[in-house]
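Remarks on the structure that follows.
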Amino acid sequence: MRKFIAIALAFCCVLSLCACGKKDTGEKERECGVYITMEANDVFTVSCGTDEGSDSFKNADETAIAAGTVIHFDFAGDKADSTERADIEYSICLYDKDLNIIEAKSFVDDFSNNARVDITVTEDHKIINANAAKNGGDVVIDMTTASGKDGVRYMSPTVFMSERSEAADKINESLRAMETEYTTKTYQDNYGHYTQNIGDGTAQGLSAFSMSRTIRSERDDSSIVSLRIVDRASLGTTSTLKISGSTFNSQTGEEIKLADLGDSSEKIVNAVSEKILVSFNEDPKYQGVFFNEGYSETIKSLVSDGHWYLSADGIVIIANPGEIADAAAGFYEFTVSYDELGDVINKDFIPSSDLSGSEGDVSVAFTADSKASDLTLLGSAAATDIKSLLLSASGNVYDLDVYTINYNESAKTYTLVQQVLACSDMSDGAALAINAELEGTTPTMVVRFKLADGTNEIRLLSLDENGAVKVTNPYASAGTVITSRLPYSGDIDGDNKEETINTSTDAQGLVVLNVEASGKTAEVSTGIKEIGSIRLFDLDGDGAKEIYLDGKDADGQAITCAAFYSTAETQPLHLALFDSQSYALGTIKDFSDGKLVVDNEMNILGTYKVKNVYTLADKSFSKASGDIVFDNNTTYVTTTKSITLSNGSLLATGTKLRFTSTDGSSVINFVTDGGFTGSIPIASSGSGWTISGQPDTSYFTSLPYKN
């Protein structure tokens with residue numbers, strides 16, 4: 001809300017033609033505050049607003065502000081003279097000749113000690129805060145792959161902490177020592193076992209010697225750098241797997257031992273082991289697992305150095321194959337949350353949930369195609385011997401990592417292969433070099449990050465058909481889901497100002513949608529009693545997002561509503577019509593090809609999910625004509641007698657098939673488990689469905705009707 005006020009004040013200032021911002025002419029003035037350097041040459045007015053007031057600058061002759069102009073805003077007042085941190089939230093707005101907003105951006109900076117903040121307005125109107133990078137990249141971990149003799153391969157992490165370089169150096173010294181031990185002592189031990197196992201090398205089924213170490217960061221923030229280490233070895237007749245953890249203090253660079261986590265290591269061991277043992281009885285995934293005799297004492301012994309690391313969720317205890325169960329069962333990792341640990345762990349080691357900043361996103365391009373001068377590079381430099389990538393941030397993003405992946409095109413899923421990068425936080429103007437190459441149009445990398453409100457985001461990286469970098473948001477078809485983010489603030493109607501969405505209930509207990517802007521609240525009642533989801537999506541591409549809600553009505557029926565918001569309308573907020581009513585039956589599946597897809601249940605030769613498709617035009621939705629498509633890839637039925645198909649042929653007894661679509665009245669289409677397709681003539685009897693005049697249930701072993 002404060003950010004909205006700052007933008008609003010900045011805009012009001014322009015409307016009143018206030019021109020208090022100063023061009024940097026060399027006159028004697030305080031050197032603290034915000035300095036804006038213009039690279040764009042088509043901006044006519046620049047304003048700066050806080051929740052206490054605003055200033056603006058424009059040329060006296062009302063011409064465009066020239067590129068190279070430096071504009072100074074000094075709004076910190078007495079806070080500039082403070083020696084204590086003095087954060088001020090402010091907004092910069094750019095306007096064209098007609099006072100239309102070109103771009104607006106909000107920041108929070110510390111203006112104590114007469115601080116200066118440098119901002120650049122690029123040719124394409126990006127507002128970049130050079131100081132933002134100081135609040136980003138607190139911890140960066142760059143992962144490379146190295147090799148030793150006899151095909152030994154291992155990942156080599158390097159930690160960067162620009163504000164604490166000595167601590168980073170200390171961590172890196174420890175990591176290099178770990179690598180030395182791995183390539184010498186661990187190698188010698190493993191190779192000794194290998195030569196012993198293969199004997200004279202004439203036995204059947206011997207495997208070649210290999211050793212590999214993979215590492216991934218589990219936490220990287222201002223308190224903790226924690227790594228999960230996986231060692232694998234092939235030793236001729238056997239293979240080994242060992243998982244371990246190493247955790248470091250981000251402030252000092254010292255490795256953290258279990259005893260360092262709290263005042264009493266005994267209390268930590270008891271609290272952690274007790275929670276793990278309780279989970280054996282309460283967590284269904286452990287039901288039926290046969291643990292080794294004496295496993296309760298073994299668990300206590302595993303709460304020890306080398307067997308743990310800290311994640312974002314809690315302390316993780318590692319049980320390697322054979323330690324608490326049969327080796328064939330593999331390894332186990334048990335997470336005990338920070339909440340469950342209570343005060344047995346030092347609160348300084350618990351991750352902060354106090355994240356701030358605006359909405360964030362990332363963009364990725366080839367390094368050679370990026371304008372690096374506009375960005376502050378965090379971590380390693382970009383490699384020049386490959387087609388490296390440059391990842392840049394807008395807004396604020398947290399807990400970012402980059403992995404190579406194996407992507408399943410048909411299932412639209414992926415598995416992580418190897419970590420490339422990790423970064424605690426990034427903000428405007430910050431960038432990371434991704435020193436790995438993309439190959440082909442199938443995604444081969446994933447970028448994962450978190451927003452200030454805790455929302456997790458994913459971007460898949462691949463090449464497009466022209467060889468350019470393609471960044472895909474796999475969740476885009478679901479819209480921006482804000483169900484758990486209320487009250488949600490963002491630009492809904494495309495006016496570069498924030499609106500705030502929230503809900504309430506009316507006297508009947510039905511959901512009321514509220515949108516607040518400029519101190520005014522618009523509301524509209526829906527027919528939903530129990531909310532399923534709330535999401536935003538611009539289906540018609542007009543620059544304004546519709547607000548979609550789905551859930552259950554008073555009768556327990558699933559429905560979907562959509563609302564439009566525009567201050568240009570007499571009634572700013574109103575529900576859309578779905579044909580002739582204010583809702584569609586069913587819940588939102590996705591937004592696909594410019595259409596809204598709603599899942600609903602239909603009783604026709606069983607109860608199935610079907611996809612109803614709606615198009616949006618002139619602020620109303622129309623149901624697409626044509627067959628109703630089943631959202632069914634798994635439910636098969638089997639015939640008990642032959643069925644005459646629409647083309648006159650017979651479908652044999654014992655055929656296994658699933659239904660794919662229907663016209664809803666006279667025919668239902670199917671595909672068999674062998675890939676044969678066809679259609680069955682059907683008719684409604686008023687109380688059910690018939691085939692050739694007989695009840696549909698008489699033709700199948702069973703039909704999945706809901707009671």
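Observations on the model:
- Residue in the range 313-323 that is over 29 Å from the mean Cα position of the chain (by Cα) and over 23 Å from Met178 (Cβ atoms) present: yes
- The range 73-85 residues that are not assigned by the TED database to the domain that holds Thr120, paired with ones that are in a loop (DSSP other than H, G, I, E, B) and modelled with pLDDT under 90 (beta carbon under 8 Å, 6 or more apart): none
- The set of residues in the range 660-686 that are free of Cβ contacts under 8 Å to residues at least 40 places away in the same chain, in a loop (DSSP other than H, G, I, E, B) and under 26 Å from Lys623 (Cβ atoms) comprises Asp663, Ser665, Ser666, Ser685, Gly686.
- Hits in the range 303-331 (condition: touching a Phe, Trp or Tyr at 6+ places or on another chain (Cβ under 8 Å), among the aliphatic types (A, V, I, L, M) and under 30 Å from Ser222 (Cβ atoms)): Leu310, Ile315, Val316, Ile317, Ile318
- Within the option set Asp401, Asp425, being of a type in the set (Asp, Glu) and touching a Gly at 6+ places or on another chain (Cβ under 7 Å) holds for one residue only, Asp425.
- The residues of the range 418-437 that are of a type in the set (Gly, Ala, Ser) and within 20 Å of Asn456 (Cβ to Cβ), listed by number, are Ala422, Ser424, Ser427, Ala430.
- Across the range 570-592, the number of residues qualifying as under 20 Å from Val481 (Cβ atoms) and acidic (Asp, Glu) comes to 1.
- Any hit, the range 204-223, residues being closer than 30 Å to Gly314 by Cα and out of contact with any strand residue (DSSP E or B) (no Cβ under 9 Å at 6 or more places or on another chain): no
- Matching residues, the range 190-208, being in a helix (DSSP H, G or I) and surrounded by 12 or more Cβ atoms within 10 Å (Cβ to Cβ): Asn190, Tyr191, His193, Tyr194, Thr195, Asn197, Ile198
- Among residues of the range 400-440, those that are small (Gly, Ala, Ser) and surrounded by fewer than 19 Cβ atoms within 10 Å (Cβ to Cβ), counted: 3
- When residues of the range 89-117 are limited to those that are in contact with a Phe, Trp or Tyr (Cβ under 9 Å, 6 or more places away or on another chain) and polar (S, T, N, Q), the one nearest to Asp55 (Cα to Cα): Ser91
- Among strands (runs of 3 or more DSSP E) entirely within the range 386-503, having at least 1 residues that are at negative phi, of a type in the set (A, V, I, L, M, F, W, C) and touching a helix residue (DSSP H, G or I) at 6+ places or on another chain (Cβ under 9 Å) singles out 389-394, 413-427, 430-434, 469-472.
- Hits in the range 519-553 - residues which are touching a strand residue (DSSP E or B) at 6+ places or on another chain (Cβ under 9 Å) and over 21 Å from Tyr475 (Cα atoms): Thr521, Ala522, Glu523, Val524, Ser525, Thr526, Gly527, Ile528, Lys529, Glu530, Lys552, Asp553
- Applying the condition of being touching a Leu at 6+ places or on another chain (Cβ under 8 Å) and surrounded by fewer than 19 Cβ atoms within 10 Å (Cβ to Cβ) to the range 300-319 and asking which residue is nearest to Ser246 (Cα to Cα) yields Asp305.
- Any hit, the range 513-525, residues being part of a loop (DSSP other than H, G, I, E, B), in the same structural domain as Ser620 (by the TED database), at pLDDT below 95 and over 15 Å from Ala617 (Cα atoms): yes
The values are calculated or read from the model by the stated rules, or taken from the named source; none is laboratory data. Because the structure is predicted, anything quoted here is derived from the model rather than measured. Reconstructed Cβ throughout: ideal geometry from the backbone, glycine too, with neighbour counts over all protein chains shown.
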